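Colleague: Following this message is one structure expressed as structure tokens.
The values are calculated or read from the model by the stated rules, or taken from the named source; none is laboratory data. Since we're looking at a predicted model, the values are computed, not measured. No Cβ is skipped: glycine too gets one built from the backbone with ideal geometry, and neighbour counts run over all protein chains shown. In case anyone asks, the SASA skips ligands and DNA or RNA and just uses the protein heavy atoms, side chains included. Shrake-Rupley method; radii C 1.70, N 1.55, O 1.52, S 1.80 Å.
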2 protein chains.
Amino acid sequence: MVVATQSLDELCINAIRFLAIDAVEKAKSGHPGLPMGAAPMAYVLWDRIMRFNPKNPYWFNRDRFVLSAGHGCMLQYALLHLTGFNSVSLEEIKNFRQWGSKTPGHPENFETPGVEVTTGPLGQGICNAVGLAMAEAHLAAKFNKPEHTLVDHYSYVILGDGCNMEGVSGEACSLAGHLGLGKLIALYDDNHISIDGSTDISFTEDVGKRFEAYGWHVQHVENGNTDLDGIQKAIEAAKVVTDKPSLIKVTTTIGYGSPNKADTAGVHGAALGDAEIKATRENLGWSHEPFDIPDDVLSHFRQAVDRGATAESEWDAVLASYRSQYPAEAAEFERMLKGELPADWDKALPRYTPADKGLATRKHSEITINALAGAIPEMIGGSADLTHSNLTEIKGSGNFQKGDYNNRNLRFGVREHGMGAICNGIALHNSGLIPYCATFLVFADYMRAAIRLSALAEAGVIYVMTHDSIGLGEDGPTHQPVETIASLRAIPNLTVIRPADGNEVSGAYKVAIASRKYPTLIAFTRQALPNLAGSSIDAVAKGAYIMSDSDGTPDMIMIATGSEVHLCEQAAEQLRSEGKKVRVVSMPSWELFEAQTPEYKESVLPKAITKRLAVEAAADFGWHRYIGFEGQSISINRFGASAPGNTCLEQFGFTVENVLAKAKDLMS
Amino acid sequence: MVVATQSLDELCINAIRFLAIDAVEKAKSGHPGLPMGAAPMAYVLWDRIMRFNPKNPYWFNRDRFVLSAGHGCMLQYALLHLTGFNSVSLEEIKNFRQWGSKTPGHPENFETPGVEVTTGPLGQGICNAVGLAMAEAHLAAKFNKPEHTLVDHYSYVILGDGCNMEGVSGEACSLAGHLGLGKLIALYDDNHISIDGSTDISFTEDVGKRFEAYGWHVQHVENGNTDLDGIQKAIEAAKVVTDKPSLIKVTTTIGYGSPNKADTAGVHGAALGDAEIKATRENLGWSHEPFDIPDDVLSHFRQAVDRGATAESEWDAVLASYRSQYPAEAAEFERMLKGELPADWDKALPRYTPADKGLATRKHSEITINALAGAIPEMIGGSADLTHSNLTEIKGSGNFQKGDYNNRNLRFGVREHGMGAICNGIALHNSGLIPYCATFLVFADYMRAAIRLSALAEAGVIYVMTHDSIGLGEDGPTHQPVETIASLRAIPNLTVIRPADGNEVSGAYKVAIASRKYPTLIAFTRQALPNLAGSSIDAVAKGAYIMSDSDGTPDMIMIATGSEVHLCEQAAEQLRSEGKKVRVVSMPSWELFEAQTPEYKESVLPKAITKRLAVEAAADFGWHRYIGFEGQSISINRFGASAPGNTCLEQFGFTVENVLAKAKDLMS
């Protein structure tokens, strides 16, 4: 290839390529291949199509862009820098993948303004984009008026072969097709290369046909390397199709421009090296030094700043007019955008006394969701096809469906992983929506990669996980969580709560609703539990508290969570009647307890008292933090069994008698 | 519906239905809807098509049957009972879902002979079946001779809407299409109902078209309720297509025969109730008491016993002839079927001294896999598109591909979850194959549901997980495991090993290869580590051992795993030179250590020594089991960061200096 006179478009695209090439080379680490191949489609998107304001990355009505193939993040950093985002200076690009930079190895929304979601784990980004599009559709249906289009943006994605191989993307894209999300437009960088080499070795399906089967509008741009107008026309055609999401398969060459490495896996995830960079410079006619951007290129890209300012100010006018005509709606909209909860929302939380009938905590959850849904209109969520087991339905609302996007009950189908990733997208729409989603606790395993990203990416998703122990009974070990709670407690930034009764369920939601930056996972029982005399809504926020106590220094402390607290209460009562001094600590959340002051922690679990019995219908993994070498636990360090729930609980030792026996043993 | 004279076929199908109806009713728990609707296709399969021997459920050359929609397990129990398997007596059916029965709430291969794999978590079974079909294809390519077809069976699946919504099934089915697994035949029970109601609310894609896009042969039986010949013809047509897996969409009515509940979600997962059962009996013309099977029905079904005995004895003749003509191959084949490893296989394990160059443990893993692959021809495996990062390739073998099924390198594509579930299928083929699979450790999250099933279903899969800490560097927190190791240690029956150097890698594989009933997960570094003077291949099996020690009672114990052991060794050496008595314990596996005698445990970690420092580049979650209240740890209780690996390790305190400082602090 010999390049004679290059158009400004070509120069701009090469500027993206060489920022990626040179940043990866400087870091000696990264993925140049995707930015080099996908630069044309990304350029068309950012230069000709997308509405955004570089000087206000958080402008509400911006088009969202998700690089689902997150390893190609230098593509996104190059675009953010070139179009004028303050977050990505040239210095930051030079610091690509270095400690403390704004240009980490994969896009991180919590590090880099302008990045919408955190990608890298493949398949997640496209699902996040489905969530972004669902959020847009919901808010548009809720707030827009015939003469006021307040909410109106597209969600664009670039995804690669890897994303398309991951099952999670299939889950969310099937749902997106079902929902007819017309403003979701995905560009599939069809470069035929994954890390192991040609996709011929493992991925020969017809992706376009699969998306058609999902109900998507599918187009193909055969020359994604140079046919800019073809790309533009396809995107414009996709916008015209308003009742289906669009996939545009854009066939490209990975590492385009590299004479010896293009179209090979060698250019996917490693620096090109000096010699090949030199050859690529010659081949693409790019004579500029590393990180040197020609003025005409930069000034062309930077037109995005004026365009963005204009777009935002036009929208501000729409908002102002809307505000004058619909002050109540505007107030709600603006409250949501500010991330403020409605005043006194927590007064809606149900309160209980022991006189109230004991219910399964999943039933308390249903009552609480419905009590809060009235007070907090931004709650939106549902279940992965277990609505009437998880009890998550908002009874005053219909289903979120094509043509009924104003509704708040999401019907995810049996797609746990996609559900979690979609909810991350809804949360990271940053428009105040509070997404919750539900399945059986054991199936947290199916969606764990999405839960981890909620925690990392600061997405305040609420995970409603029912059937939280062997107490679920007959479904057996495939459905009975044992190690699941421990495995979730281990995730940083995730608050896990296992409430013991109605008040603690209210307390759990009080924490979860208020936690807009970090996810909360609440584990609920299938089976009924009594309402406890000592339980407290507000104490849940402390993670652990004294549920009942004897006068004076306790002989022992029982520590329990969820469905085992009432067993300890009964056993303690018996022991007290025998003259023992017993404290019962309800510990709905380890993470919340760890966040308390040392003084508070000492007041609940005094170091001097080492006779401690932990009771939880789960693995003992992690409990030694609270019971030390001298304590004991009643736990399950094996898989469960299929039998009625009460039988399982008895067989595994979750009875008052066994708690009593173990407690006496400990004190003997 | 009024039933006049019923054919024997109809009676047989109704017998299946009413065993399911009555067992669920007796248990007051279970899923009658699927067995009622899918009974016709299952009857055709088991009565007219499949080859199996009820009196020897483990006959090697049997057709495999997988009920991917495992909640419908009464269908399978009814078939097992009716066709004469000893494992499922009528008493066991009456004990459906009760403690200790052979008829648990979902099919469990480890409880019930005749059940091939453990299903219930949706989507897993179809992926297991892909693994079964891959195992068959591999063994057929390896052992069959032109005139001796020793390995020759089909893998049949019944899957439902739920399985088809799960992403994991899409991953494995895309791969199955790519591989052209002609002997995999899946019947899709297309009943339009999932737990939340009609699939219209969330699942309206064109499933058949999607499978065509995967490269499957797709047929549709429009009346799956009564068109037995149509079902049979479709299966026969599927068998004729030898270069593609087959999907037969069989449209049925869930709860067929129930006048008021058929075709509703109400019949999916709850007992019908007395009145509706009475109405269903009338409707289907079934006058028999619960659990009463008419003689003509039973004797028809029980023809399977003779058929099976004949089929097995015919195959025995093939084997005998093969044995005489190919004694070496036959000996290998029969050794594999017995589950015996080759003699002296472990002599192939590499051994190291500190003089050997330090390598990344993933590199040691590559050396070990290749050393063992020669000695153990039944090793088969690969990576989810990270072959040259995970370093899992067997260099003497090509890729397992259509037409090259004799090869041992599996190319899974970016499909971690499907990979795990496929490997479960390969392991549960029970033909001696030892499957291993690989990805980055952090992506264990993507496949956790499959790993859990390896552990539950007694599938001795080996998980090769590289890039095991923040030490992987620039890819950043999305790729850096922090909580992952703890979350895996929590899974019952799974052995997690994090080796510290070359000898420990050999020791890890020694454990993993020998563990044919339970899975082993080994975590390897990206970065190089020195070979340690005190390391031992054999000691790995003990889980923890003294790597180095001072004379006399130690002042403190350092406990470390993997890449942190050498830091402790260096720090201990320094401390000893300062007159301190320090023991370093390498603890590659908690599970293996917990399985040791109390005496051994006390010899390594004497209770009296409470000054303990745990060092692991991961969350401290769970470590209090070994460090108690008085110990300390150097850990990471937050997500990682994008920077060069050494920078990350330094920033998070994984340096000799910091170990020294913490140790001194502990002893002060």
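Colleague: Treating only the Cβ of Lys, Arg, Asp and Glu as charged (+1, +1, -1, -1), what charge dipole size does the range A:540-667 show about its Cα centre? Round to the nearest 20 debye.
Modeller: 200
Colleague: In peptide B:109-115, what is the residue-averaged number of other protein chain Cβ atoms found within 10 Å of each Cβ?
Modeller: On the way: counts 0, 2, 4, 0, 0, 0, 0.
Rounded to a whole number, the mean comes out at 1.
Colleague: Using protein heavy atoms only (no ligands, DNA or RNA), what is the total accessible area buried between B and A, 1.4 Å probe, nearest 100 Å²?
Modeller: 8400
Colleague: Sticking with this one: For B:465-477, what's the mean count of beta carbons from other chains sitting within 10 Å of each residue's beta carbon?
Modeller: Details: counts 0, 0, 0, 0, 0, 0, 0, 1, 3, 12, 11, 12, 12.
Counting other chains' Cβ atoms within 10 Å and averaging over B:465-477 gives 4.
Colleague: Charges on Cβ only, +1 for Lys and Arg, -1 for Asp and Glu, centred on the Cα centroid of the range B:1-108; of B:THR83, B:ILE49, B:VAL66, which one is farthest towards the dipole's positive end?
Modeller: B:VAL66
Colleague: Rounded to two decimals, what is Rg over Rh for the protein assembly as shown when you use alpha-carbon atoms and the Kirkwood radius?
Modeller: Result: Rg/Rh = 0.96.
Colleague: Going by average Cβ density within 10 Å per residue, which order do the peptides A:364-376, B:436-448 take, highest to lowest?
Modeller: B:436-448, A:364-376
Colleague: Shielding of A:624-635 by partners, i.e. mean partner chain Cβ atoms within 10 Å per residue?
Modeller: Per residue, the number of nearby Cβ atoms from other chains is 4 on average.
Colleague: If I take R0 = 25 Å and measure r between the Cβ atoms of B:ALA328 and B:ARG516 in this structure, what FRET efficiency does the formula 1/(1 + (r/R0)^6) give, to the nearest 0.05?
Modeller: 0.65
Colleague: Which three lengths, in whole Å and largest first, does the range A:304-421 cover when its Cα atoms are put on their principal axes?
Modeller: 61, 35, 25
Colleague: Moving on. Once Rh is set to the Kirkwood radius over Cα pairs, what Stokes-Einstein translational diffusion coefficient, in µm²/s, holds for the range A:345-529 at a temperature of 10 °C and a viscosity of 1.306 mPa s? Could you put the intermediate results ahead of the total?
Modeller: Values: Rh = 16.1 Å.
It diffuses with D of about 99 µm²/s by this estimate.
Colleague: So, one more: Helix A:274-284 versus the longest principal axis of chain A: what angle, 0 to 90°, nearest 10, using Cα atoms?
Modeller: Result, in degrees: 50.
Colleague: Taking 41 Å as R0, compute the FRET efficiency from the Cβ-Cβ separation of B:LYS145 and A:ASP200 and round it to 0.05.
Modeller: Values: r = 30 Å, r/R0 = 0.74.
About 0.85, to the nearest 0.05.
Colleague: Whole percent per 10 Å bin, from 0 to the bin with the longest distance: what is P(r) over all C-alpha pairs of the range B:540-667?
Modeller: Computed distribution, short to long bins: 13, 47, 32, 8, 0.
Colleague: Considering every pair of different Cα atoms, what Kirkwood radius, in Å, is found for chain A?
Modeller: 26.6
Colleague: What angle do you read, to the nearest 10 degrees and between 0 and 90, between the alpha-carbon axis of helix A:565-577 and the longest principal axis of chain A?
Modeller: Helix A:565-577 and the main axis of chain A meet at about 20 degrees.
Colleague: Determine which chain A residue has its Cβ at minimum distance from the rotation axis mapping A onto B, giving the value in whole Å.
Modeller: Output: A:GLY167, 1.
Colleague: Within the set A:LYS249/A:LYS402; B:LYS94/B:LYS244; B:LYS145/B:LYS249; A:LYS542/A:LYS581; A:LYS142/A:LYS363, which residue pairs have Cα atoms separated by over 31 Å?
Modeller: The pairs that break the limit, which is 31 Å between Cα atoms, are B:LYS94/B:LYS244; B:LYS145/B:LYS249.
Colleague: Picking from A:LEU159, A:THR103, A:THR119, whose Cα lies most toward the positive end of the charge dipole for the range A:97-170 (charges on Cβ: Lys, Arg +1; Asp, Glu -1)?
Modeller: A:THR103
Colleague: Grab the other residues whose beta carbon is less than 12 angstrom from that of A:ASP9, score K and R as +1, D and E as -1, and report the net.
Modeller: Result for the local shell: -4.
Colleague: If you place +1 on the Cβ of every Lys and Arg and -1 on the Cβ of every Asp and Glu, how big does the dipole about the Cα centre of the range B:345-529 come out, in debye to the nearest 20?
Modeller: Dipole about the Cα centre, nearest 20: 340 debye.
Colleague: Rank-order B:70-81, A:597-608, A:78-89 by packing density, defined as the average count of other C-beta atoms within 10 Å over each peptide's residues, highest first. Write down the numbers at each step before the final one.
Modeller: Details: B:70-81: 29.3, A:597-608: 12.3, A:78-89: 22.9.
Peptide ranking by packing, descending: B:70-81, A:78-89, A:597-608.
Colleague: Note the direction-averaged projected area, equal to a quarter of the hull surface, for the Cα convex hull of the range A:113-254, in nm². Don't skip to the end; give the middle numbers.
Modeller: Details: hull surface 37.2 nm².
Over every viewing direction, the Cα hull of the range A:113-254 projects on average to 9.3 nm².
Colleague: Taking the Cα centre of the range A:540-667 as the origin and placing charges on Cβ (Lys, Arg +1; Asp, Glu -1), which of A:ALA619, A:PHE639, A:ILE609 is farthest toward the positive end of the dipole?
Modeller: It is A:ILE609, whose Cα lies furthest towards the positive end.
Colleague: To continue, here is another question. Is it possible to state the helix-based mean residue ellipticity at 222 nm for chain B, with each DSSP H run of 4+ residues giving -39500 (n - 2.57), the sum divided by total residues, to the nearest 500 deg cm²/dmol? What is it?
Modeller: Using -39500 (n - 2.57) per qualifying helix, the result is -12000 deg cm²/dmol.
Colleague: Kirkwood hydrodynamic radius (Cα pairs, Å) of the range A:8-307?
Modeller: Kirkwood hydrodynamic radius for the range A:8-307: 19.0 Å.
Colleague: I've got another one for you. Need one number: nm distance between label points at B:ALA661 and A:THR264, each 7 Å from Cα along Cα→Cβ, rounded to one decimal.
Modeller: Label-label distance for B:ALA661 and A:THR264, simple model: 4.6 nm.
Colleague: A further question follows. In the neighborhood of A:CYS648, defined by Cβ-to-Cβ distances under 14 Å, what is the net charge if each Lys or Arg adds +1 and each Asp or Glu adds -1?
Modeller: -2
Colleague: Take each of the peptides B:288-300, A:118-130, B:622-634, B:581-593, average the number of other beta-carbon atoms within 10 Å over its residues, and list them starting from the highest.
Modeller: A:118-130, B:581-593, B:622-634, B:288-300
Colleague: Using a 7 Å offset from Cα along the direction of the beta-carbon, what are the separations from B:ARG302 to the same position in each other copy, nm, ascending?
Modeller: 9.0
Colleague: Along Cα→Cβ, 7 Å out, is where each label goes; now give me the distance between the ones at B:LYS28 and A:GLU650 in nm to one decimal.
Modeller: Taking the two extended label points, one gets 1.4 nm.
Colleague: Taking amide H positions as placed in the peptide plane 1.01 Å from N, state which residues far from B:LEU247 in sequence (5 or more) or on other chains have amide H under 5 Å from it.
Modeller: Here B:ALA186, B:HIS217, B:VAL218, B:GLN219 satisfy the definition.
Colleague: Quick one: putting +1 on the C-beta of Lys and Arg, -1 on the C-beta of Asp and Glu, what dipole do you get for the protein assembly as shown around its Cα centre, in Debye to the nearest 20?
Modeller: 1640
Colleague: Mean 1/r over all different Cα pairs, inverted: what Kirkwood radius does the range B:200-345 give, in Å? Present the calculation step by step, with values, prior to reporting the outcome.
Modeller: Values: mean 1/r = 0.0484 Å⁻¹.
Over the range B:200-345, the inverse of the mean reciprocal pair distance is 20.7 Å.
Colleague: Suppose a student asked you for the relative contact order of the range B:540-667, using Cα pairs under 8 Å spaced at least 6 residues apart; what percent would you report?
Modeller: Relative contact order, the range B:540-667: 29 percent.
Colleague: What is the angle, in °, between the Cα long axis of helix A:73-83 and the longest principal axis of the Cα atoms in chain A? Nearest 10 is fine, range 0 to 90.
Modeller: 60
Colleague: Shifting gears a bit: What does the charge count near A:LYS664 come to, summing +1 for each Lys or Arg and -1 for each Asp or Glu among other residues with Cβ under 10 Å from its Cβ?
Modeller: 0
Colleague: Pop a pseudo-label 7 angstrom from the Cα along the beta-carbon direction at both B:LYS55 and B:ASP404 and give the gap in nm to one decimal.
Modeller: Between B:LYS55 and B:ASP404, the label points sit 4.5 nm apart.
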